[in-house]
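The values are calculated or read from the model by the stated rules, or taken from the named source; none is laboratory data. Since the structure is predicted, the reported quantities are computational estimates derived from the model, not experimental observations. All Cβ positions, glycine included, derive from the backbone under ideal geometry; neighbour counts span all protein chains shown.
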Amino acid sequence: MAYETKALFRDDAYLSTAEGSVVAVNDRGGIILDSTNFYATSGGQPGDIGHFERADGSAIQIAATVTGETKSEIIHIPAEGQAALAIGEKLVLHVDWARRYRLMRMHTACHLLSVVCPFPITGAAVGDEESRIDFDLPDPSYTRENVTERLMEMVRANAPISTRWISDAELAGNPGLIKSKNVRPPMGNGQIRLVVIGEDGAVDSQPCGGTHVSETQEVGDIHIGKIEKKGKENRRFRIRFGSLPLL
Ligand SMILES: [Zn+2]
């Protein structure tokens with residue numbers, strides 16, 4: 001049977017610690033809790049790592065977080081050699097916050113890049129050092145310099161970022177919200193989470209289940225590291241932290 005984990009990161013991406021109780025440990029040692037602030041790998045964003053603190057103060061190191069049989073079942077994979085947990089045991093959950101915050105900044109930067117480059121997305125991956133997005137983009141006028149400049153204008157404009165839920169019907173009536181050619185948002189459960197940048201989505205709105213910063217200035221200095229031609233009409237953009245290095 002599949003468990004339903006309460007995904008605390010969905011309502012508050014800034015919960016670096018939270019509490020949870022052990023609901024189950026699967027046959028591969030994966031830990032399932034009643035609720036968690038650990039993001040599970042999904043939508044191009046890697047899952048969280050960190051540790052669980054037990055009542056006696058000892059720690060269980062978590063090496064990965066993934067989804068199980070369904071998207072709402074979240075499984076925490078312990079590192080090798082961790083002690084076994086009891087069902088019902090209460091834990092304090094500590095996300096590796098330095099890493100997660102970088103992922104939130106990078107993930108938000110990917111949304112901004114999809115605004116600067118309003119072309120169909122064919123692939124994307126968020127990383128804590130570097131992210132990439134592949135676009136169907138035949139136009140060679142997009143350079144690392146001018147795209148970096150436009151990204152940083154949006155960072156400095158400090159638009160607020162929020163989420164809201166819309167119905168499947170509302171999404172079906174606004175097909176322009178979907179930018180990815182390959183990844184369809186999860187339809188059919190009646191509700192889609194929309195990530196909204198700017199007042200009333202003045203900058204952007206798109207379906208996304210990931211974690212983001214709450215205003216664009218938190219993204220900080222980023223630049224386009226490299227633009228690779230992946231085919232006649234496909235280009236891969238890499239986003240990196242820091243200012244554009246002078247060549
Ligand atoms: Zn997102």
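Yes/no matrix, rows are residues, columns are (1) of a type outside the set (A, V, I, L, M); (2) away from the ligand (no atom under 16 Å from the Cβ):
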| residue | (1), (2) |
| --- | --- |
| 10 | yes, no |
| 23 | no, yes |
| 32 | no, yes |
| 39 | yes, no |
| 42 | yes, no |
| 75 | no, yes |
| 109 | no, no |
### Task
May I ask you to list pairs of residues, at least six apart or on different chains, whose Cβ atoms are under 8 Å apart, with the first in the range 169-181 being outside the structural domain of residue 124 (by TED's automatic domain parsing) and over 17 Å from residue 115 (Cβ atoms) and the second being modelled with pLDDT of 80 or more and surrounded by 14 or more Cβ atoms within 10 Å (Cβ to Cβ)?
none
### Query
Does residue 161 qualify as being part of a strand (DSSP E or B) and touching a helix residue (DSSP H, G or I) at 6+ places or on another chain (Cβ under 8 Å)?
yes
### Query
Quick check: anything in the range 96-112 modelled with pLDDT under 95 and either surrounded by fewer than 17 Cβ atoms within 10 Å (Cβ to Cβ) or aromatic (Phe, Trp, Tyr) (or both)?
no
### Query
Of the residues 48, 12, 34, which single one is within 28 Å of residue 164 (Cα to Cα), modelled with pLDDT of 95 or more, touching a Gly at 6+ places or on another chain (Cβ under 7 Å) and among the acidic types (Asp, Glu)?
34
### Query
In the range 206-236, which residues are assigned to a strand (DSSP E or B), more than 16 Å from the ligand (Cβ to nearest atom) and within 20 Å of residue 102 (Cβ to Cβ)?
223, 224, 225, 226
### Summary
Over the range 231-247, the set of residues surrounded by 14 or more Cβ atoms within 10 Å (Cβ to Cβ), within 21 Å of residue 122 (Cα to Cα) and of a type outside the set (S, T, N, Q) is 233, 235, 236, 237, 238, 239, 240
### Query
Do you know which of the residues in the range 113-128 that are away from the ligand (no atom under 15 Å from the Cβ) and among the β-branched types (Val, Ile, Thr) is surrounded by the most Cβ atoms within 10 Å (Cβ to Cβ)?
122
### Residue in the range 61-74 that is farthest from the chain's Cα centre (by Cα), counting only those that are closer than 23 Å to residue 101 by Cβ and crowded, with 20+ Cβ neighbours inside 10 Å
62
### Task
Taking only the range 129-140 into account, find how many residues are at pLDDT 95 or above, surrounded by 19 or more Cβ atoms within 10 Å (Cβ to Cβ) and out of contact with any Ser or Thr (no Cβ under 8 Å at 6 or more places or on another chain).
2
